[in-house]
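Here's the structure, in structure tokens; my notes come after.
Where a number appears in this text, it was derived from the coordinates with a stated rule and is not lab data. Being a predicted model, the structure only gives us computed values, none of them experimental. Cβ placement follows ideal geometry from the backbone for every residue including glycine, while neighbour counts extend to all protein chains displayed.
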Amino acid sequence: MKKHSRGSREPHLIDPDFVEALDESESCRASARRQEERKTLQFCRQVQRALNVALAGRGTGEGIDVLFVEEVSAAPDCGRLLVHVLIPDGRPVSEVMGLLSRETPRLRSEVAAAITRKRAPELLFAPTWAGGGDEE
């Protein structure tokens, strides 16, 4: 019985077509990954626009209409989105976050009406300060 060792000096035969197919497979995966990232970014922008329209059109006098969604990102995927809201100077963060918390179901339904998805994403809000303002 012949033993095979790692350091054997026998010539290794590698099929060039097999190597080429592996390279193409790797290229296809990278392309699919880029396309998925592009679609995620596109979806986040669509949700950002829908939220800004929903916030601006509210006009309840509670001050929610002056809020602006600066960025939306997947957290960790499109089923849960992190929404960065610009907090105006002079507004207490706790007040704004409480207001957003109360308005989340309505905002989520506004997003659901604006997008084409089976389920509306969960929205998580994070404050962003306009000019280094009140960080209460």
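Net charge near CYS78, counting Lys/Arg +1 and Asp/Glu -1 over other residues with Cβ under 14 Å of its Cβ?
Net local charge, CYS78 excluded: +4.
Sorting check: for 35-47, 71-83, which peptide has the highest mean count of neighbouring beta carbons within 10 Å, and how do the rest follow?
The densest-packed peptide leads the list: 71-83, 35-47.
Can you tell me how much longer the chain between LYS118 and GLU95 gets when fully stretched, taken as 0.36 nm per residue apart minus their C-alpha distance, in nm with one decimal?
5.0 nm
With label points built 7 Å along Cα→Cβ from the Cα atoms of VAL66 and ARG34, find their separation and express it in nm.
If labels sit at VAL66 and ARG34, their model points lie 4.5 nm apart.
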